[in-house]
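The values are calculated or read from the model by the stated rules, or taken from the named source; none is laboratory data. This structure is a prediction, so every number in the text was calculated from the model and none was measured. So basically every Cβ, Gly included, is an ideal-geometry build from the backbone, and we count neighbours across all protein chains shown. All accessible areas refer to the heavy atoms of the entire protein, side chains included, with ligands and DNA or RNA removed. Shrake-Rupley method; radii C 1.70, N 1.55, O 1.52, S 1.80 Å.
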Amino acid sequence: MLTVTKGAGLIGIDGFIVTVECHSTRGLPAFEIVGLPDTAVKESEQRVNTAILNTGISGGDIDVRINLAPADMRKEGSALDMAIAISVLQGKKVIPHDVDLKDKMFIGELSFSGDVRPVRGVLSMVLAARDNGISEVFVPYDNIAEAAVVEGVKVYPVKTLASLIAHLNGKVLLLPAELFSYASCEKNNSRLDFADVKGQEKVKRALEIAAAGGHNILLIGPPGSGKSMLAKRLPSILPPMTFSEAVETTKVHSATGTLGAGVSLVTERPFRSPHHTMSAPSLVGGGTIPKAGEVSLAHNGVLFLDELPEFTKNVTESLRQPMEDGKVTVTRAAGRITFPSSFMLVAAMNPCKCGYYGSDAKECTCKQGDIKKYLAKISGPLLDRMDIQVEVSALSFEELSERGTAEPSSAVRERVCKARDFALRRFKDDGIQSNAAMGSKEIRKYCAVDERSLSILKKAFDSMGLSGRGYDRILRVARTIADLDGEEDIQLRHVAEAIQLRTLDKKYF
């Protein structure tokens, strides 16, 4: 007897439909799986057979052969257990052959006891089911929060194989989950606040501009000046994610297994801060079977690299393409996979090994050659991609002992949200979400400047030795500053401030 069910697999962070074909015949007990399964899929034989036995169903003398189609796509993990089990059970006639399974999908790992365990990538799999016209999806009970996000498909939570069999046989019906209602996280839940940071008004202004436009920013200054403290408070002023951004971000975290238990969607922008000992594949993604890296886990959020020169050169250089394209394509023998990587890069560094080069607070003890060698760890092309470069000076005693209250993050975030909304209205027909994402076409269209502004831009271009990319990035930052002021046209003061936020490469590099 031939029975057919549907399961799902993952390619990168995207789901795809797997058709499970089960051919059952009387004979010596056997169980074979074909269709490019990995070790975890092959081992489903043991999980499925034992789960069926412990559910109270006898094995019998049956030769079972499973084909996973499409046969030329590699199948990984344990998410196909439930689809294989239902196909086998219909072949055993535990589930009547006239029960129509064509519009149903089964996702989940089986334990030996018959319990259904959670798996990675459920959101992506349910989205694939909806896009392929499947109307009912059965998922592990612990994955129901993320699965219920998808509109246009009924999602059923399953705790045990026995309860699923009872439902399909029409005895005890499972109840579909209620559709998750998304509301953007208008209230920021971060416990870190700009009000905790004394002084550094210029740096706070730079971070506000970066948040409003989604710009990359480099903070450079001596130890203890507050670089890390300021960077870690950046999420408290970022605008809330849209529903589409939340779904994209959740797909990445679900597929990589970093989505918290019971979480429906990632509603706060990610903030990833990897250690400088990391490898290039762990940053941009890779492995024998390509997996998403930190740049993808930071998608729609912030990637913070503290002590930037301490990262190895091949790690920092691997950032160049993701920063420019907003995606990473990893090619291996197992396949070619693209991961999203639209993130804000926030980097912090000391100006030298001892940390006090150019500081008024303490004399630098480094040799000139050592300083050049230290700063040379940051390449010109990477520095060119930093829209904003700001110096973080050491605080004076008077600033540290000041008892007044600094401006809270909530006030800054309100201005950032207004600027983002101002920009989104402008980009409504362009399909981009921030000023940092503008291409050359949008820059020509939305970043026109007057003659006086062109004059100071020419002086800056000549004196600073700007590249074409650097010139465009100054215009993008100027556009963001104008948005914060609610101005349709870029003014001279906006261009002047944007230039001032990009002068450190001349001083240090």
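Can you run the Rg to Rh ratio on region 186-235? Use alpha carbon positions and the Kirkwood inverse-distance Rh. Could you put the intermediate results ahead of the total?
Values: Rg = 11.0 Å, Rh = 11.6 Å.
Answer for region 186-235: 0.95.
Quick one: grab the alpha carbon gyration tensor of region 191-342, order the square roots of its eigenvalues as a ≥ b ≥ c, and give me rounded if a/c is under 1.5, else prolate or oblate depending on whether a/b is larger than b/c. The partial results should precede the final answer.
Values: a/c = 2.12, a/b = 1.39, b/c = 1.53.
The shape class here is oblate.
With charges only on Cβ, +1 for K and R and -1 for D and E, what is the dipole size of the chain about its Cα centre, in debye, rounded to 20?
Working: 64 positive and 63 negative charges, 161 e Å.
Magnitude of the dipole: close to 780 debye.
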On each of the three principal axes the extent of the alpha-carbon atoms of the chain, given in whole Å and largest first, is 85, 46, 46
Counting only protein heavy atoms and leaving out ligands, DNA and RNA, the solvent-accessible surface of Tyr141 at a 1.4 Å probe, in Å² to the nearest 10, equals 110
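Which percent, nearest 5, of DSSP beta bridges in region 277-364 are antiparallel?
Values: 7 of 11 bridges.
That works out to approximately 65 percent antiparallel.
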Placing +1 on each Lys and Arg Cβ and -1 on each Asp and Glu Cβ in the chain, then taking the dipole about the Cα centre, the residue among Asn314, Gly170, Cys22 whose Cα reaches farthest towards the positive end is Asn314
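With the cut-off at 27 Å, report for region 252-396 the share of all Cα pairs above it, as a whole percent. Write down the numbers at each step before the final one.
Numbers: 3212 of 10440 pairs.
Roughly 31 percent, rounded to a whole number.
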Among Pro37, Gly213, Gln433, the residue whose Cα sits farthest towards the positive end of the charge dipole of the chain (+1 at Cβ of Lys and Arg, -1 at Cβ of Asp and Glu, taken about the Cα centre) is Gly213
About its Cα centre, region 333-376 carries a charge dipole, from +1 on Lys and Arg Cβ atoms and -1 on Asp and Glu Cβ atoms, whose size in debye to the nearest 20 is 220
One finds, for Arg444 and Asp360 with R0 = 51 angstrom and r their Cβ-Cβ distance, a FRET efficiency to the nearest 0.05 of 0.75
Hydrodynamic radius by Kirkwood for region 399-483, inverse mean 1/r across distinct Cα pairs, in Å, is 15.1
In whole Å, largest first, the alpha carbons of region 83-210 cover along the principal axes 74, 32, 22
From the Cα centre of region 353-367 to that of region 1-74, the distance in Å is 65
Rounded to whole angstrom, the alpha-carbon centroid of region 157-230 lies from that of region 423-457 at a distance of 28
As a percent rounded to 5, the proportion of antiparallel DSSP bridges among beta bridges in the chain is 50
As straight-line cross-link partners of Lys459, the qualifying lysines (C-alpha separation under 20 Å, not fewer than 8 residues apart within one chain) are Lys506, Lys507
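How would region 192-275 be classified by its alpha-carbon gyration tensor: rounded, prolate or oblate, with rounded meaning a/c under 1.5 and the a/b versus b/c comparison settling the rest? Spell out each step's value before the answer.
Values: a/c = 2.47, a/b = 1.97, b/c = 1.25.
Prolate is the answer for region 192-275, as a/c is 1.5 or above and a/b outweighs b/c.
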Counting Lys and Arg as +1 and Asp and Glu as -1 over every other residue whose Cβ sits under 10 Å from the Cβ of Gly12, the net charge comes to +2
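Could you state the accessible area per residue of region 1-148 in Å², with a 1.4 Å probe and every protein chain left in place? It would help to have the intermediate numbers written out before the result.
Details: 6020 Å² over 148 residues.
I get 41 Å² per residue for this part.
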Rounded to the nearest 10 degrees, the helix 81-91 long axis (Cα) sits at an angle to the longest Cα principal axis of the chain of 20
As a Kirkwood estimate from alpha-carbon pairs, region 11-66 has a hydrodynamic radius in angstrom of 12.8
Toy charge model, Lys and Arg Cβ at +1, Asp and Glu Cβ at -1: region 1-119 dipole around Cα centroid in debye, rounded to 20, equals 180
Treating every alpha carbon of region 26-106 as one equal point scatterer without solvent, the Debye formula yields log10 I(q)/I(0) values at q = 0.10, 0.13, 0.27 Å⁻¹ of -0.23, -0.40, -1.48
For region 361-412, the charge dipole (Cβ of Lys, Arg +1; Cβ of Asp, Glu -1; about the Cα centre) points to a positive end, and the Cα of Leu382, Ala411, Val392 closest to that extreme belongs to Leu382
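With Rg and the Kirkwood Rh both taken from Cα atoms, where does Rg over Rh land for region 351-509? Before the final figure, lay out each step's value.
Details: Rg = 18.6 Å, Rh = 18.0 Å.
Over the Cα atoms of region 351-509, Rg/Rh equals 1.03.
Rounded, prolate or oblate for region 329-405? Axes are the square roots of the Cα gyration tensor eigenvalues, ordered a ≥ b ≥ c, and the cut-off for rounded is a/c under 1.5.
Oblate.
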Using the Kirkwood radius over Cα pairs of region 265-309, the Stokes-Einstein translational diffusion coefficient at 10 °C and 1.306 mPa s, in µm²/s and rounded to a whole number, is 142
Heavy-atom accessible area of His97, protein chains in place, probe 1.4 angstrom, given in Å² to nearest 10, is 100
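Please give the contour-minus-distance gain from Phe112 to Asp63: 0.36 nm per residue of separation, less the Cα-Cα distance, rounded to one decimal in nm. Before the final figure, lay out the partial values.
Details: separation 49, 0.36 × 49 = 17.64 nm, distance 2.06 nm.
Answer, rounded to one decimal: 15.6 nm.
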With Cα coordinates, the longest principal axis of the chain makes an angle with the long axis of helix 201-213, in degrees rounded to 10, of 40
